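Asks: Below you will find the structure I want to go over with you.
The values are calculated or read from the model by the stated rules, or taken from the named source; none is laboratory data. On a predicted model such as this, the values are computed, not experimentally measured, just so you know. Every residue, glycine as well, gets a Cβ built from its backbone with ideal geometry; the counts of neighbours run over all protein chains shown.
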Amino acid sequence: MTPLVEAAAARTALAAAWRRLPEALRGPTQFLGRHYAGCGATIGAIPKCDFACTGCYLGQDVNRAKPSSLMEIQRQLRVLREWLGPAGNVQITDGEVSLRAETEVVAMIRYAREIGLVPMLMTHGETFRRRPGLLERLMVEAGLTEISLHIDTTQRGRRDHFAKVRTEAELDPLREEFAEMIRRARRRTGRRLSAASTVTVTRENLAAVPGIVRWFLGNADAFKMLNFQPLAEVGRTNRELRGVPPEELWAKIAEGAGDPHISRGEGWLKGVGSW
């Protein structure tokens with residue numbers, strides 16, 4: 001595909017995304033439809049997970065469900081390519097994708113890149129701890145350039161001393177381990193890797209959000225994005241957990257960022273050097 005054709009396809013995808021937006025959301029700071037056409041995700045790549053998190057969105061029968069074939073995942077990726085346009089962002093996700101055969105994970109990521117998508121592998125990261133060198137292989141053989149690691153106290157399944165932590169601060173050494181893993185993978189491969197992290201927020205860990213924000217700001221060379229996800233009562237989520245409203249969560253994020261005047265709904269970009 002020539003640059004002119006790609007540019008035209010990108011404009012078409014952006015225009016379609018803009019048309020899908022409700023009128024009330026077509027404001028001057030809206031990114032969707034202007035800078036990107038949204039983000040897609042795979043379904044059925046591998047439904048099962050080896051964690052049993054208290055805030056799990058997966059269904060009760062996921063560990064018995066069969067994964068979709070590689071051919072089906074590739075079909076989904078082609079559909080997403082048409083929807084998102086060139087350089088469209090797609091999450092390689094479902095349950096814990098890293099549990100699938102390594103060759104097939106490589107094939108999924110490589111295929112997404114071959115057809116013009118930018119795949120991000122969503123993971124709890126434990127497989128990378130157990131299998132040193134896997135991250136570098138995905139970068140070199142599959143062309144992986146984006147990864148998202150979920151780390152918080154709602155998780156159940158880590159196999160060392162992190163299995164028994166009670167506070168988010170006790171997970172900071174694990175975050176540091178992953179940050180160093182990311183830095184090391186970049187050095188060894190000489191390739192770009194953008195990293196994000198996701199955190200499920202409940203009433204129980206809300207007070208720790210400012211500390212989490214400060215940690216990631218201090219390690220912005222390793223992680224480019226931090227995504228806080230208020231608890232949702234779906235799937236296998238423990239119904240005894242208590243959720244929090246977005247306004248309370250945003251106040252804690254602003255506290256951690258050191259600027260209480262940050263307004264919810266605004267977009268903030270900060271340069272932190274090479275990713």
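Asks: What pairs can you find where one residue is in the stretch 104-133 and at negative phi and at pLDDT 95 or above, the other is part of a helix (DSSP H, G or I) and charged (D, E, K, R), and their Cβ atoms are less than 8 Å apart, with a gap of 6+ or different chains?
Replies: Partner pairs satisfying both residue conditions: Val106/Arg137; Val106/Glu141; Arg110/Glu141; Ile115/Arg78; Ile115/Arg81; Leu117/Arg81; Pro119/Arg113; Arg129/Glu177.
Asks: Return the residues of the stretch 219-265 that are within 15 Å of Ala208 (Cβ to Cβ) and in a loop (DSSP other than H, G, I, E, B); say none if nothing qualifies.
Replies: Leu231, Leu241, Arg242, Val244
Asks: Just one of the numbered conditions (1) in contact (Cβ under 8 Å) with a residue 60 or more places away in the chain; (2) farther than 24 Å from Thr54 by Cα is not true of Ser148; which one?
Replies: For Ser148, the failing item is (2).
Asks: Shifting gears a bit: Take the conditions under 17 Å from the mean Cα position of the chain (by Cα), closer than 30 Å to Gly59 by Cβ and either surrounded by 15 or more Cβ atoms within 10 Å (Cβ to Cβ) or of a type in the set (A, V, I, L, M) (or both) and apply them to Phe216. Does it pass?
Replies: In short, no.
Asks: May I ask you to list the residues in the stretch 17-39 that are assigned to a helix (DSSP H, G or I) and farther than 18 Å from Val118 by Cβ? Break it down into steps so the answer makes sense when it comes.
Replies: We begin by selecting, within the stretch 17-39, every residue assigned to a helix (DSSP H, G or I); these are 17-20, 23-25.
Listed by number, the residues that qualify are Trp18, Arg19, Arg20, Glu23, Ala24, Leu25.
Asks: Could you check how many residues of the stretch 63-86 are surrounded by fewer than 19 Cβ atoms within 10 Å (Cβ to Cβ) and in contact (Cβ under 8 Å) with a residue 40 or more places away in the chain?
Replies: 1
Asks: For the stretch 147-181, enumerate the residues that are basic (Lys, Arg) and closer than 12 Å to Arg129 by Cβ. Show your work before the answer.
Replies: Narrowing the stretch 147-181 to residues basic (Lys, Arg): 156, 158-159, 164, 166, 175.
Once the filter is applied, which keeps residues that are basic (Lys, Arg) and closer than 12 Å to Arg129 by Cβ, the stretch 147-181 yields Arg158, Arg159.
Asks: Counting only residues that are farther than 18 Å from Thr42 by Cα, give me the helices (runs of 4 or more DSSP H) lying completely in the stretch 85-168 with at least 1 of them. Step through it out loud before you land on a result.
Replies: Numbers: elements: 102-114, 126-130, 134-137.
In the stretch 85-168, the matching helices (runs of 4 or more DSSP H) lie at 126-130, 134-137.
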